[in-house]
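Asker: My questions will all concern the structure given below.
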Amino acid sequence: MSNRIRPPAPALVAEARIQSIGRAKAILDVLAAHDGGWVSLRDVAAGTGLVKTTAFNLVTALVDVGLVEHAPERGVYRLGVGLLAYGRTVERRTDLIALMRPHLVRLCATTRETVNLALPCPTDVLIVESLEGSQTLRITSYAGTRAPYHSTACGRALLAYGTEAMRRQVLALHPLVALTPRTTTDADRIEAILADCRRRGFVSEVEENEMGAACVGAALLDGKGEAVAAVSIAGPLTRMGGGERDRIGALLVETMAEVRRTMAGETGGRAA
């Protein structure tokens, strides 16, 4: 009996901005649906809705980079062990969320403001955890949403401690969007803000992402001094004046140092 699965709607294959990326993902999805077993080229093409020649070219490229394995004598394919490296990286991030959660709870209880944990992505920031403050007037939590690098405190903290190539790539991706009349969109000005973040250990934004709100963020660094995550604390500008932002910034720097010490202890004396 054939293991052929119903082809997904073409829109599922073409969702990505770059079509070949969407098609490659569709192929990986088909292979994953067979629980790691071998799949014929015919079933790859049928499962993705791609013509056989296109499916062959893409799956061969995935074989070349180690993401798919090929048994040429049988003409079949399966997911490659090269994917394990990516899975383990994501797994470490999941561990990081668990490690950070008590610190996020403590920050939220101490400041009574909204606390966010963000992870870096290629073109924006992913908010993976968010705790709402206990104040009557508070900033809404954003767990599961994405945020720009240039206009948010967590994004700026991540960008400040990313590689120079990463910063240039993010700032040159597209014209930076002004989310409010106060959003900084000049790349040179943002570079100066990032330099100040590296000097002080934290960074702020005032009404640049949302009118009436301010936010302070700091990065969690690995053993190479690069950002693996960032924590930000947001609240209404009426409570987040300059002095309060400095106080919260110092609290974040202290907390990130504490987390790094914990990570270093768990990895035998070096930050993960």
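Asker: What residues qualify as long-range amide H neighbours of Ser40, i.e. H under 5 Å apart, gap of 5 or more or another chain, H built at 1.01 Å from N?
Answerer: Tyr77
Asker: Which helices, counted as full DSSP H runs in the chain, have an axial Cα extent of no less than 24 Å and a Kyte-Doolittle average of -1.0 or above?
Answerer: Qualifying helices: 83-111, 242-266.
Asker: Calculate for the chain the 222 nm mean residue ellipticity that helices alone would give, adding -39,500 (n - 2.57) per DSSP H run of length 4 or more and normalising by residue count, nearest 500 deg cm²/dmol.
Answerer: Calculated at 222 nm, the ellipticity per residue is -15000 deg cm²/dmol.
Asker: By how many nm would the segment from Leu126 to Leu83 grow when fully extended, if each residue of separation counts as 0.36 nm and the alpha-carbon distance is taken off?
Answerer: 13.3 nm
Asker: What's the local net charge at Leu67, with K and R +1, D and E -1, over the other residues with C-beta under 14 Å away?
Answerer: 0
Bear in mind these aren't lab numbers, they're just calculated from the coordinates by the rules spelled out. Quick caveat, the model's predicted, so the values are computed rather than measured. Neighbour counts run over all protein chains shown; Cβ positions are idealised from the backbone, glycine included.
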